[in-house]
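The values are calculated or read from the model by the stated rules, or taken from the named source; none is laboratory data. Because the structure is predicted, anything quoted here is derived from the model rather than measured. Note that we place each Cβ from the backbone using ideal geometry, even for glycine, and neighbour counts take in every protein chain shown. Just the protein is used for accessible areas: all its heavy atoms, side chains included, with ligands, DNA and RNA removed. Shrake-Rupley method; radii C 1.70, N 1.55, O 1.52, S 1.80 Å.
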Amino acid sequence: MASGGDRKAVSVSIAVRNVTKTFGSFTALDNVSLEIPQGSLVALLGPSGSGKTTLLRIIAGLESADSGEVQFDGRDIGDRTARERRVGFVFQHYALFRHMTVLENIAFGLRVRPRRLRPSRAEIAARVGQLLDLIQLRNQAGRYPAQLSGGQRQRVALARALAVEPSVLLLDEPFGALDAKVRQELRRWLRELHDEVGVTSVFVTHDQDEALEVADQIAVMNAGKIEQVGTPDEVYHNPASSFVYNFLGNVNLFHGRVEDGTARIDREATGHLLFVRPHALEIGRASVGPNSLRARTTHINAAGPVVKIEALTEWGARVQVEISQDRFAALGLRKDEEVFITPRDLAIFTNDQRVS
Amino acid sequence: MPLFAAGLRRKSIIPGFGLTLGFTVCYLSLIVLLPLAATFVETSKIGWHEFWRIVTGPRAVAAYGLSFGASLIAAGMNFFLGTLVAWVLVRYQFPFKRILDSLVDLPFALPTAVAGIALTTIYAPNGLFGRPLAALGIHVAFTRLGIVVALTFIGLPFVVRTVQPVLEDLDRELEEAAASLGATRWKTFTRVLYPAIAPAAITGFALAFARGVGEYGSVIFIAGNMPMRTEIAPLLIVTKLEEYDYSGATAIATLMLLISFVLLLGINMLQRWSGGRGERDAPEEPLLTPAMGLSG
Amino acid sequence: MVNALPASAAPAVSESAFVRRLLIGTSVLFLGTFLLVPLGCVFAAAFAQGVAAYAASFHDPDTLSAIRLTLLAAAIAVPCNLVFGVAAAWAIGKFEFFGKGFLIALIDLPFSISPVVAGLTYVLLFGSHGWFGPWLAAHNVQIIFAIPGIVLATIFVTFPFVARELLPTIAAQGNDEEEAALTLGANGWQTFMRVTLPNVKWALLYGVILCNARAMGEFGAVSVVSGHIRGLTNTMPLQIEVLYNDYQYVSAFAVASLLALLALATLVVKSVVEWRAAAIERPSA
């Protein structure tokens, strides 16, 4: 038992090596490998059906891989069952024991230990008390899950997982079932909690903002494969594939060709795909170069920190542009006006490989 | 919001409320309430002292003891084995599972007299099970053990059918959570699963018990029907009637009725308890559980 | 060998193959001993002396009369309780009113009353010593120890079945579809026949089948009011008792086999109704 001031658990690094998992004819994971350094907070980000939850469950031992192995600190743990792995798992719908109070839920993992490994009653009470403080629910300790709000249940589920001092904390869509506002608060709280507890943590999400805001490292998954692993900065600014580019934020897509190392938008070209984020597009009343596109504004939404403009190109493609309020005021743009749109920053993909 | 919804329903535009409710209450009164009222009025004519003398007579007390004791043992067997059967039917795949699942309801559908003669034939000293058991010195037919066997048969579906839906609805994540927290399979069962299914299992137990206390048809063939030894309470009523002892029959019937009411009340409270806990809101009408076919 | 695969093969939350087989084995043994053997025994005993002896059982005029009486009692009791069940389910399922819970409990009453007590209540009402006994005798009407008593007792014990099957289904359906039909100009009866009934027809069918099975199989209540007059007031279950006590085992089990077939048919209908309901639910789940 850790006691008193030092709450840092002994956490491990995780290595996933060539894991494949199929359910009938559906391939959930296709030869996936991933390194998760000790003490990091990693997001598995992807659309539903991308295999992220399956990967999490395989790490937890709730599911077994068809092939490949999972290592904790370099040791294969394939023969260890879920209960032997000392993994804290937070379920999407919390899976709180509804016939137990908050306190009993948190104490469960300690109370079910074999007698020789079980802490004394006083130690259990002290540990549960610490966790109740950590999740700020000490005065709700005697309540049942049904009497708590969604955010409170989420925190109880986290405390219950942390009570057993797991070597790894795994969270399945931890904020998926919560209101937008509570979700914001809990994200920050999870970040702080991780900094305080320091346990290696992996969470699954389909929400890019959540992954970008909370995680140290993001593994973007698609169709049973990992598309890219990197810091939020890297995956956002340097997406390794068109999927990642698309998945992380809005994007405009053009066909194009590359001449003398520069990209030219050309709707008849094939082979190259050009990606531009809405905020990387200039908008003006005059053409400023060969990549300036003639377009007509169709919709303007000025309510918000940035102004969102939708325009149709000459050939009828819809383009999204974001500009600052100041720029918008200076331009004095209106709906149904002819404009020129010019990309400042283009990402070029050829056969789904980033060229530049 | 629920209040609002209830308010809307009260002012429903759907027709036929007066007609259907009126018919329901009239029919209920004629078929059920009037005869029951007759029984209580007839009992009141007997007088308190005479009533007390009849219902505390040694033969009557022996009959209740037998009815209650045998029902309790049979319901207890069904409590354990019914929970086991429900578990197996929900959790495992094996050949002929669907047929077996359907057959669980047989005691609801098979007339009690048919069950009675079949069980008697099987457990008679020369029967399929009776012969080997007799060789071991165990006599089932025409003994109290036979009554327990018949009541176990009659009560078999109750626990299975109350526990089964609860097990089916049980979130697999609860067990996974327990496992990831380090609980063994046995601890997961005793601490997480059993508390979740216990209200349903206890409700099933109570239903089986209530059914057993009033059961007649399946028991009288196998019981032997010896006064003081193997005479169940419903049989005592029939015997008194055949002796034209109307006050005797009425007094004992009234006592059984009162016991039925108490059991019904208890079962309703149990069902509220088992339906009213948990993360989902308590059902609006806890009594609206599907029919269990509880009857003899 | 039993192929004891868990329903969903999540390794963390399943038992070892040995435990699974042990649990399945115990369950199958229990169900086999208590359900299959008695059921098999009915047919084995009915055909113990061959098909001819089995068929001969149905030449007995008393047995034929018992079959006729059973069919008659069911033919009256089931429609009565069907009408009641639909009316009660409509009133309780579609409307909110004071005392609803109490009304449901009253409808449940016949389930929890011993059938013998149920029979006795009718004797106390209509018997020669009963409330209406003298009046009935003066007008030469016999209810107890006659067919009307048997029908009444049958109605009493099968009273809740249709209502109980329909109620949860009708209540779960909500009022939206009916309200839509009414706003589209349908009258109450059209709404019921074209909107409500198609939605609850399987529950209704099952309720009727269950009600019928109990009506034909009722023993205790009918036994008290029948008077056991052979050829006149014996229903099939009572005839079984008479034959069995006369040591006419083949005949007793022959009649019993008909009722056992009825029970099996009831189970088949129940299973089909449930599988249909599950098949409808599954895609949306």
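Accessible area of chain B with a 1.4 Å probe: how many percent of it is carbon plus sulfur?
Details: 8420 of 12080 Å².
Of the solvent-accessible surface of chain B, carbon and sulfur hold 70 percent.
With a/c under 1.5 counting as rounded, go ahead and sort segment B:47-179 into rounded, prolate or oblate using the C-alpha gyration tensor (a ≥ b ≥ c being the square roots of the eigenvalues; past the cut-off, prolate if a/b is larger than b/c, else oblate).
oblate
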With all protein chains present and a 1.4 Å probe, how do C:C80, B:C26 order by accessible area, largest first? B:C26, C:C80
Shape descriptors of segment B:6-111 over alpha-carbon atoms, Rg and Dmax in angstrom, are 23.6, 61
Report the per residue volume, in Å³, of the convex hull enclosing the C-alpha atoms of segment A:101-151. 75
Binned Cα-Cα distances of segment A:47-162, short to long, each 5 Å bin given as a whole percent: 2, 11, 18, 18, 16, 15, 11, 6, 2, 0
When only the heavy atoms of the protein chains count and the probe is 1.4 Å, how do B:F205, B:F108, A:F26, C:F132 rank by accessible area, highest first? A:F26, C:F132, B:F205, B:F108
If you roll a 1.4 Å probe over the heavy atoms of the protein chains, what accessible area per residue do you get for chain B, in Å²? 41
In whole percents, the bins of 10 Å from zero upward hold the Cα-Cα pairs of segment B:43-281 as 7, 26, 30, 21, 12, 4, 1
Would you be so kind as to identify all helices of chain B, as entire DSSP H runs, whose Cα atoms reach 15 Å or more along the helix's own axis and whose mean Kyte-Doolittle hydropathy is at least 1.6? B:17-28
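How big, in percent, is the set of alpha carbon pairs in segment C:133-285 lying more than 20 Å apart?
Value for segment C:133-285 (Cα pairs over 20 Å): 64 percent.
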Rounded if a/c is under 1.5, else prolate if a/b beats b/c, else oblate: with a ≥ b ≥ c from the C-alpha gyration tensor eigenvalues square-rooted, which is segment C:6-80? oblate
Per DSSP loop assignment and a cutoff of at most 15 other beta carbons within 10 Å, chain B keeps its longest run without exposed GluC sites (Glu not before Pro) at B:1-242
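Please go through segment A:233-298 and write out the trypsin sites (Lys or Arg not before Pro) that DSSP classes as loop and that have at most 15 other C-beta atoms within 10 Å.
Numbers: sites: A:R257, A:R264, A:R267, A:R285, A:R294, A:R296; in loops: A:R267, A:R285.
Filter output for segment A:233-298: A:R267, A:R285.
Is any helix in chain A, taking whole DSSP H runs, at least 15 angstrom long along its axis by alpha carbon and on average at least -1.0 on the Kyte-Doolittle scale, and which ones? Mind dumping the intermediate values first?
Values: long enough: A:121-134 (20 Å, 0.40); A:150-163 (20 Å, -0.16); A:180-197 (25 Å, -1.22).
Membrane-span-like by this criterion, though nothing is claimed about a membrane: A:121-134, A:150-163.
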How much accessible surface area, in Å² rounded to 10, belongs to the heavy atoms of B:Y194 with a 1.4 Å probe? 80
Considering the options A:A240, C:V78, C:I147, tell which one lies farthest towards the positive end of the dipole of the protein assembly as shown, charges being +1 on Lys and Arg and -1 on Asp and Glu at the Cβ, about the Cα centre. C:I147
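Within chain A, how many Lys pairs sit with Cα atoms under 12 Å apart, leaving out pairs fewer than 8 places apart on the same chain?
Values: A:K21/A:K52; A:K21/A:K225; A:K52/A:K225; A:K308/A:K335.
Value for chain A: 4.
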Using helices alone, I'd like the mean residue ellipticity at 222 nm for chain C: each DSSP H run of four-plus residues gives -39500 (n - 2.57), total over residue count, nearest 500. -23500 deg cm²/dmol
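Interface size between chain C and chain B, please: total buried accessible area, 1.4 Å probe, rounded to the nearest 100 Å².
9500
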Projected onto the charge dipole of the protein assembly as shown (unit charges on the beta-carbon of Lys, Arg, Asp and Glu, signs +1, +1, -1, -1), the Cα from A:S67, A:V32, C:F159 with the largest positive-side position is that of C:F159
Can you pull out the GluC sites (Glu not before Pro) in segment A:307-356 that DSSP calls coil and that have at most 11 other Cβ atoms within 10 Å? A:E314
Whole-Hz ³J(HN,Hα) from phi, Karplus 6.51 cos²θ - 1.76 cosθ + 1.60, for segment A:330-338, glycine and proline x: 5, 6, x, 5, 10, 5, 6, 10, 7
Percent carbon-and-sulfur accessible area, segment C:50-284, ignoring ligands, DNA and RNA, probe 1.4 Å: 67
Where the only charges are on Cβ atoms (+1 Lys, Arg; -1 Asp, Glu), what is the dipole of the protein assembly as shown about its Cα centre, to the nearest 20 debye? 1560
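At a 1.4 Å probe radius, which order do A:H237, A:H194, A:H279 fall into by accessible area, largest first? Let's see the in-between values first.
Details: A:H237 110, A:H194 15, A:H279 85 Å².
Most to least solvent-accessible, the answer reads A:H237, A:H279, A:H194.
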Pop out the ³J(HN,Hα) list for segment A:22-32 in order, Karplus 6.51 cos²θ - 1.76 cosθ + 1.60 with θ = phi - 60°, rounded to Hz; leave Gly and Pro as x. 10, 10, x, 8, 8, 8, 7, 9, 10, 6, 8
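Return the calculated 222 nm mean residue ellipticity for chain B, to the nearest 500 deg cm²/dmol, obtained by summing -39500 (n - 2.57) across DSSP H runs with n ≥ 4 and dividing by the residue count. Write down the numbers at each step before the final one.
On the way: 16 runs with 212 residues, N = 296.
Calculated mean residue ellipticity at 222 nm is -23000 deg cm²/dmol.
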Quick one: divide the alpha-carbon radius of gyration of chain C by 2.2 N^0.38 Å and tell me what you get. 1.24
What three numbers, in Å, describe the spread of the alpha carbons of chain A along their principal axes, ordered from the longest? 78, 45, 36
Could you tell me how far the Cα centroid of segment A:95-128 sits from the Cα centroid of segment B:121-192, in Å? 32
Along the principal axes of its C-alpha atoms, what lengths does segment A:239-314 span, in descending order and rounded to whole Å? 39, 31, 18
Here the membrane-span-like helices of chain C, with no claim about any membrane, defined by DSSP H, Cα axial extent at least 30 Å and mean Kyte-Doolittle at least -0.5, are C:61-94, C:249-284
Considering only protein heavy atoms, what is the solvent-accessible area of C:M216 at a probe of 1.4 Å, reported in Å² to the nearest 10? 30
Can you tell me the Rg and the Dmax, both Å, for the Cα atoms in the protein assembly as shown? 35.9, 119
Amide H to amide H under 5 Å from A:N222: which residues, 5+ apart in sequence or cross-chain, H placed 1.01 Å off N in plane? A:E227
With a 1.4 Å probe and all protein chains kept in place, how much accessible area does A:D209 have, in Å² rounded to the nearest 10? 90
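From the C-alpha coordinates alone, can you work out the Kirkwood hydrodynamic radius of segment A:124-204, in Å?
Details: mean 1/r = 0.0760 Å⁻¹.
With all distinct Cα pairs of segment A:124-204 included, I get 13.2 Å.
Taking only DSSP H segments of four or more residues, each worth -39500 (n - 2.57), what value at 222 nm results for chain A once the sum is divided by all its residues, to the nearest 500 deg cm²/dmol?
Numbers: 9 runs with 91 residues, N = 356.
That calculation yields -7500 deg cm²/dmol at 222 nm.
How much accessible area per residue does chain A have, counting only protein heavy atoms and a probe of 1.4 Å, in square angstrom? If you can, show how the numbers build up before the last one.
On the way: 16130 Å² over 356 residues.
Normalised by residue count, the accessible surface of chain A is 45 Å².
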Cα gyration tensor, segment C:177-264 - rounded (a/c under 1.5), prolate or oblate: prolate
Over segment C:1-141, one equal point on each Cα, no solvent: what is log10 I(q)/I(0) by the Debye formula at q = 0.12, 0.15, 0.18, 0.21 Å⁻¹? -1.02, -1.08, -1.12, -1.25
